[in-house]
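Okay, so here's the structure we're looking at.
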Amino acid sequence: MMSNLFSVFDPSSSIFNLSLNWLSTFLGILMIPSLYWLIPSRYNMIWNMILISLHKEFKTLLGPMSPNGSTFIFVSLFSMILFNNFMGLFPYIFTSTSHLTLTLTLALPLWLSFMMFGWLNNTQHMFAHLVPQGTPTVLMPFMVCIETISNMIRPGTLAVRLTANMIAGHLLLTLLGNTGPSMSMTLIWLLIITQIALLVLESAVAMIQSYVFAVLSTLYSSEVN
């Protein structure tokens, strides 16, 4: 019996009430050793194809002037979030990406480093970004305020988007799952089909949200160059 609806997202475990559930973040590492096999497996080849296509896309977004290896951080970010999102779909595994503690830890340092790099190295370029091209003179002060606020809330929107999407799907699955024992046999089949459909949807959300987080980080990086 859950004490409340959000106890499924509780980071403390039953072992001495310690926050050991955060260790689930490192479960993705268990899938990495197969990359060191002499003969590549199908999983390895598929994963390499995904990484290469992501590298090409991020390279296009960053522009031709970006230094070599600049896409690695965003590809790694995508991989980490994807593994954590998928791990949360398995029973009894803690979803670390459903907490702002993790998502803000990823978004805030990235955004801060982009801002520091941009304002220290390309100050004029950053000032030019505050006023979009073709803005009437009367609206310029308002546009500066709007652009500044939209820039300031970027790490928050990145973190909250990922967290909210993870929480929403898991809560819906938990709510429907809790109604099972009180249902008749006819409705149980309907519930199972609904749960499977939601699980497929959550798998898609897990992929889409990790991709969106990585792409938006790449776009924020390309703006400061």
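Among the helices of the chain (complete DSSP H runs), which have Cα atoms covering no less than 24 Å along the helix axis and a Kyte-Doolittle mean of at least 0.5?
Span-like helices, by this rule, are 100-121, 154-178, 185-223.
Students often check this: by mean Cβ neighbours within 10 Å, which of 68-80, 97-109 ranks highest, and how do the rest follow?
Result, highest mean Cβ count within 10 Å first: 97-109, 68-80.
How much FRET efficiency would the formula 1/(1 + (r/R0)^6) give for L176 and F90, where r is the Cβ-Cβ distance and R0 is 22 Å, rounded to 0.05?
Using R0 = 22 Å, I get an efficiency of 0.80.
Using the 2.2 N^0.38 Å rule of thumb for compact globular proteins, work out how the stretch 97-225 stacks up: its C-alpha Rg over that value, please.
Ratio of Cα Rg to 2.2 N^0.38 Å: 1.52.
Measure off 7 Å from each Cα along the Cα-to-Cβ vector at L30 and V212, then give the distance between these two points in nanometres to one decimal.
Going by the 7 Å Cα→Cβ label model, 2.9 nm.
Please list 48-59, 207-218 highest first by mean number of surrounding beta-carbon atoms within 10 Å per residue.
Going by the mean number of other Cβ atoms within 10 Å, highest first, we get 207-218, 48-59.
What does the extension gain come out to for M45 and N121, with contour length at 0.36 nm per residue minus their alpha carbon separation?
23.4 nm
Could you look at the stretch 7-224 and say what percent of its accessible area is carbon and sulfur, using a 1.4 Å probe and all protein chains?
76
The values are calculated or read from the model by the stated rules, or taken from the named source; none is laboratory data. Everything numeric in this text was worked out from a predicted model, so none of it was measured. With ideal geometry, Cβ positions are generated from the backbone for all residues, glycine too; neighbour counts draw on all protein chains shown. Accessible surface areas use protein heavy atoms only, side chains included; no ligands, DNA or RNA. Shrake-Rupley method; radii C 1.70, N 1.55, O 1.52, S 1.80 Å.
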